[in-house]
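Report on the structure given below.
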Amino acid sequence: MKSFGKIIIIFLVFLASAVNPVRSMAGPSSINYKLEQYSFGAGGEDSMTSGSYGLNAILGEIESGQLSSTNFKVNSGLNYTMMANVPPAPVISNPANYYNKLKIVINEGGNASDTVYAVAISTDNFVSDTKYVQDDNTVSPTLGPEDWRTYSGVGGWGGASGVIIAGLTPNTTYTVKTAAKKGSFTESGYGPTAQASTILPTLTFDIDVSAVDEETSAPYTLNIGNLTPATVVTSNTKIWVDFSTNANSGGAVYVYGANGGLVSTTAGSSINSGSTDLTGAMTGYGIRSNSVSQTSGGPMQSVAPYNGAGNNVGILDVNKRIIYDSSNMPISGGRAAFELKAKSSDTTPSATDYSDVITIIASGSF
Amino acid sequence: MLSIRSFLIAFYFISFLAVVLYIPLQASAAVTKVVYRPDRHSATSAPSGSVCIQTSTAGSETTLTIVFPTQFTIDTTTTNWTMDTSANNIPAGATQWASTGSGNANSANNGTKTVVFTVGDVSADTFTCMHFTAAGTNAIGNAGNDLTGSIATNIDSATSYATSVVSAGGDQISVTATVPSSFTFSLGGATAALGTLSTSAVTSATGVSATVSTNARLGWSMWVKNSTNGLYSTTATAGISAPGAFGSTYDLTSNTGYGLDVNSGSGTPTVDAAYDGTGDANFVGVLQSNFKPIATKATAGAGDSVTLRFRAKISATQAAASDYTDTVTVAAAGNF
């Protein structure tokens, strides 16, 4: 209302001047009113002092002027009295070994809840590369009105939890800064910057062969032992898998065999592999998961048909089949173990050279 | 009412907005997932594996660019790089990425570790994979984790991946097992009573089964022999002779004598011709005092059996006695 009154006064002065310029020096007037004294601007008082502070300037609203430093800028004057506060530096981090993402938390800087913020992001500290975080949290050279978002709420910057900026380049340091506004003509300048870095994509993989959970070295052999006819024989030795990746969609561990079963060259015979319950089967050969764990992320999980109980086994043939995955999430310290089971029949030709070669591979979904 | 000029201005303005809005829409589309799945992680292996992409980028893919980790050795002979379309070589559920070129690489550069293939279009948001193999001097280098590369197409920007190389053979396990030899043999009975023999009719004892179970890879064999004197009476000091020479079967209907008929049972083993009568007919073979084969089977079997039937018919001058006796020994063995 105060501002509105000033505008009315200015308008009246202008009107009076236009109607009778000569009389303006004596003060604008009309039939009923007369403005005895007037000036442009909001006035102020110079060089005020108190017991502790002195002001070497005019206190009050002036028409124009700007105080600035490296990080802050004050646009003084009538039109700027409703500017949003310049947001302090946001908090940007890489909390989960992201290779193409970073987390940002806006700092409101005392602005009202309906204030909206924009985030500028750069790979060279805004020397020649400036992009903006979009409303879908990707980055683009264009800052649209939809990219100004409230601190929290639907479509906002996630409040204290922040949001994840996606589509970034691996192994790159990003600098971010934020600006705020609260209605038209209130946009602040960009505040101080903060930095965080993406890392390279990662994938670690290793296998071990042991009866207990321990690290072992290649070459790896596993003897199931004597396959007593009509008896399900389980290997005492297990195959352990180490798997970690920061792939956005996690990863998977695959397994495949060389023969589709245990093959004896001497006997010219094979014990075929299949997904079945060996308890009721005449013969068979397959693998079954024993354990899964992880340090963080994931979780690591065994996948059908390898996640059965008892003597239920999954097929081991020449096709690469997923035995474990990380639940479509990045995973750290994944560790899993599986065992082999086989069963011969009374008529399975005897031989000491039944064999297969199991290959284990892993990949990430980046 | 809008004038024609106003209408045209509005039309052009709306068209301009549509173009302006459409360009960012295109720019926002991107690769959503890439996968590099090696066939082997072993340090001694040549690079081979599946390369997959899922993208919403508008346009048509025509080339695939694979950048391998820097430690890979890339054979620059393009014909040493082959793209195949075997369905089993790509991850289950993935769409096969078509090859629209020769199947060999367009280019292979060891400096940039880059190999380019000519490929077909990828349908939007469809997980699409190809499989490649490499020959020549290609190698994936030494063991190491977090080895990075990238996958791109002519319209899809490069997206990074990571893979791992393990020590030679470190991705494989040699599995062995033993199926121990097994063999069981049994006779269904220890006696075969012929009873009172006749000069006019053939007398047959109740059949005695001989059963074999074995996992011998070449099957099994069975033999039989009898005592030196054959069916002999100590009291009468007389024996009932065979109907003929060993090697043939004889029909006791028209002959006298004593012999053995062997019938095939469970597992259908093969009966030796020297004892292969015709079922329940009156044919017999000649027993010998040394082992003669009576049956064989070429494969392992469980509960394979034959039936031994002793038959006799006497002549009118055969000395009477009640103690005609013979001892027949049956033996079997697996052919491991």
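Distances between placed amide hydrogens fall under 5 Å for B:Gly239 paired with B:Ser233, all partners being 5 or more residues away or on another chain. In this structure the amide hydrogen of B:Ala295, modeled in the peptide plane, comes within under 5 Å of the amide hydrogens of B:Met222, B:Asp272, none closer than 5 places in sequence on its chain. Backbone phi angles across segment B:214-221, fed through the Karplus curve with coefficients 6.51, -1.76 and 1.60 (θ = phi - 60°), yield HN-Hα couplings of 7, 9, 4, 5, 9, x, 8, 9 Hz in residue order; Gly and Pro are listed as x. Amide H to amide H, with H built 1.01 Å from N, B:Thr95 comes under 5 Å of B:Phe127, B:Thr128, B:Cys129, counting only residues 5 or more places away or on other chains. The dipole here belongs to chain B: it is taken about the Cα centre, uses +1 on the Cβ of Lys and Arg and -1 on the Cβ of Asp and Glu, and is about 120 debye. Fewest-first ordering of A:Met300, A:Met282 by other beta carbons within 10 Å of each residue's beta carbon gives A:Met282, A:Met300.
Assuming a ≥ b ≥ c are the square roots of the Cα gyration tensor eigenvalues, decide whether segment A:299-366 counts as rounded (a/c under 1.5), prolate (otherwise, with a/b larger than b/c) or oblate. Prolate is the answer for segment A:299-366, as a/c is 1.5 or above and a/b outweighs b/c. Taking θ as phi - 60° and the Karplus parameters 6.51, -1.76 and 1.60, the scalar couplings of segment B:78-90 work out to 5, 6, 7, 10, 10, 9, 10, 10, 6, 4, 6, 8, 10 Hz in sequence order, x denoting glycine and proline. Counting only DSSP H runs of at least 4 residues, each contributing -39500 (n - 2.57), and dividing by the residue count of the protein assembly as shown, the helix-based mean residue ellipticity at 222 nm comes to -2000 deg cm²/dmol. Please report how far the C-alpha centroid of segment B:171-247 lies from that of segment A:265-280, rounded to the nearest whole angstrom. Centre-to-centre distance over Cα atoms comes out at 33 Å.
Look at the Cα gyration tensor of chain B: its axes a ≥ b ≥ c give a/c of at least 1.5 with a/b over b/c, and that counts as prolate. When +1 charges are put on Lys and Arg Cβ atoms and -1 charges on Asp and Glu Cβ atoms, the dipole computed for the protein assembly as shown relative to its Cα centre reaches about 640 debye.
Helix B:4-28 and the longest principal axis of the C-alpha atoms of chain B enclose an angle of approximately 50°. Mind checking which lysines have their C-alpha under 25 Å from A:Lys181, skipping anything on the same chain fewer than 8 residues away? Cα-Cα hits under 25 Å: A:Lys2, A:Lys6, A:Lys73, A:Lys103, A:Lys131. Listed by Cβ neighbour count within 10 Å, with the fewest neighbours leading, A:Ser188, B:Ser48, A:Ser327 appear as A:Ser327, B:Ser48, A:Ser188. Counted by Cβ distance under 12 Å from B:Asn226, the other residues give a net charge of +1, where Lys and Arg count +1 and Asp and Glu count -1. Shown in residue order for segment A:166-172 are the 3J(HN,Hα) couplings computed by the Karplus curve 6.51 cos²θ - 1.76 cosθ + 1.60 at θ = phi - 60°: 10, x, 8, 8, x, 6, 9 Hz (x for Gly and Pro). Loop-resident chymotrypsin sites (Phe, Trp or Tyr not before Pro) (DSSP state other than H, G, I, E or B) in segment B:142-231 with no more than 13 further Cβ atoms inside 10 Å of their Cβ are absent.
B:Ile151 sits among other residues whose Cβ lies under 13 Å from its own Cβ, and their net charge, with Lys and Arg +1 and Asp and Glu -1, is +1. Which net charge results when you count Lys and Arg as +1 and Asp and Glu as -1 among the other residues whose beta-carbon is under 14 Å from that of A:Ala247? Taking every other residue near A:Ala247 into account, the sum is +1.
Bear in mind that the values in this text are calculations on the coordinates, not laboratory data. Everything quoted here is computed from the prediction, not taken from an experiment. Here Cβ is always computed from backbone atoms with ideal geometry, including for glycine, and neighbour counts include all displayed protein chains.
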